[in-house]
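Engineer: Quick one: the structure is below, questions incoming.
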Amino acid sequence: MRIALFGDIHANLEALQTVLADASEQECTDYVCMGDVVGYNANPSECLEIVRAMNIPIVKGNHDEDASGTHSLETMNPIAAEALEWTRRNLTEDQREWLRKLRMVRQVQDFTVVHSTLDQPQSWNYVTNKFDAMSNFNYQFTNLCFHGHTHVPRVFVRGARVKEVPAESIVIEESMKYFINVGSVGQPRDGDWRACYAIYDIPTKTVSFRRLDYDIATTQQKILDANLPAALATRLAEGR
Ligand code: ZN
């Protein structure tokens, strides 16, 4: 069994199609989504329908929550808020209902999945260092947990102490706990614009990361054509 773990798609259709084609070529047999299907980019409806039709385990992201609610977005970053208002208008009530019903945490095979952290999933905290990861580990009861949210692929390991190791191919050891950020399909923020996802190969207990070129020019043009903030097109190319 080979599982493709992907999330933070953020309505980027070109990146999503590229990732799914690659996962199929890589002979992935199963798929799990970390949430944030919508928000920022111009194809929320199309991305949502692709993921919904896959009928796979998925958890709710903060943009899924904001795009499917009716609450005020005033306290948010203005560019994200403008994109979310646009997203609300460009989803059907049926699609918003599907987003509202997504669960915060899921157990799949021998691992756990959450968008942000297990200690307070509804607070949408960002894990950017080992100290943030420590709070999560106190609530992680499986060997392995995958998440998203920061759009940066990262691997935190708890053995005798908590440390961060490079997000490269790693073999999961039974005696340790792993909290792994699978990066972002549709808006990476680690300085590399290419779409990112992870593969968990269960027979070899190996987690690896994939980076893929996609048709970013088309995604950027769609943002401009939709009258979404132009800064969203610029940041895509910068990978931030
Ligand atoms: Zn996100």
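Engineer: Write out, first by first residue and then by second, each pair whose Cβ atoms fall under 7 Å of each other, whose residues are 6+ apart or on separate chains, and whose first residue, in the stretch 200-213, is on the phi > 0 side of the Ramachandran plot while the second is surrounded by fewer than 15 Cβ atoms within 10 Å (Cβ to Cβ) and among the aliphatic types (A, V, I, L, M).
Structural biologist: Qualifying pairs under 7 Å: Lys205/Val171.
Engineer: Now for a separate question. Keeping to the stretch 82-98, report how many residues are touching a residue at least 12 places away in the same chain (Cβ under 8 Å), under 17 Å from Lys60 (Cα atoms) and in a helix (DSSP H, G or I).
Structural biologist: Looking only at that region, the number is 7.
Engineer: Sort through Asp94, Asp119 and tell me the only one that's in contact with a helix residue (DSSP H, G or I) (Cβ under 6 Å, 6 or more places away or on another chain) and either closer than 29 Å to Ala233 by Cβ or more than 15 Å from the ligand (Cβ to nearest atom) (or both).
Structural biologist: None of the other options fit; the residue is Asp119.
This table checks each residue for (1) more than 12 Å from the ligand (Cβ to nearest atom); (2) crowded, with 24+ Cβ neighbours inside 10 Å; (3) under 22 Å from Thr150 (Cβ atoms); (4) small (Gly, Ala, Ser).
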{"site": "Arg2", "(1), (2), (3), (4)": "yes, no, no, no"}
{"site": "Gly7", "(1), (2), (3), (4)": "no, yes, yes, yes"}
{"site": "Ala21", "(1), (2), (3), (4)": "yes, no, no, yes"}
{"site": "Ser24", "(1), (2), (3), (4)": "yes, no, no, yes"}
{"site": "Val37", "(1), (2), (3), (4)": "no, yes, yes, no"}
{"site": "Glu49", "(1), (2), (3), (4)": "yes, no, no, no"}
{"site": "Pro57", "(1), (2), (3), (4)": "yes, no, yes, no"}
{"site": "Glu65", "(1), (2), (3), (4)": "no, no, yes, no"}
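Engineer: Name the single residue, out of those in the stretch 194-221 being of a type in the set (Val, Ile, Thr), surrounded by 15 or more Cβ atoms within 10 Å (Cβ to Cβ) and under 28 Å from Asn143 (Cβ atoms), that is nearest to the chain's Cα centre (by Cα).
Structural biologist: Selected residue: Ile199.
Engineer: Oh, and also: Would you mind finding the one in Gly191, Gly186, Gly159, Gly148 that is loosely packed, with under 14 Cβ neighbours inside 10 Å and closer than 28 Å to Val38 by Cβ?
Structural biologist: Matching residue, one of Gly191, Gly186, Gly159, Gly148: Gly191.
Read-outs: derived from the displayed coordinates by stated rules, not from any lab. Keep in mind that this is a model prediction, so the values were computed, not measured. Glycine gets a Cβ as well: all are built from the backbone with ideal geometry, and neighbour counts include every protein chain shown.
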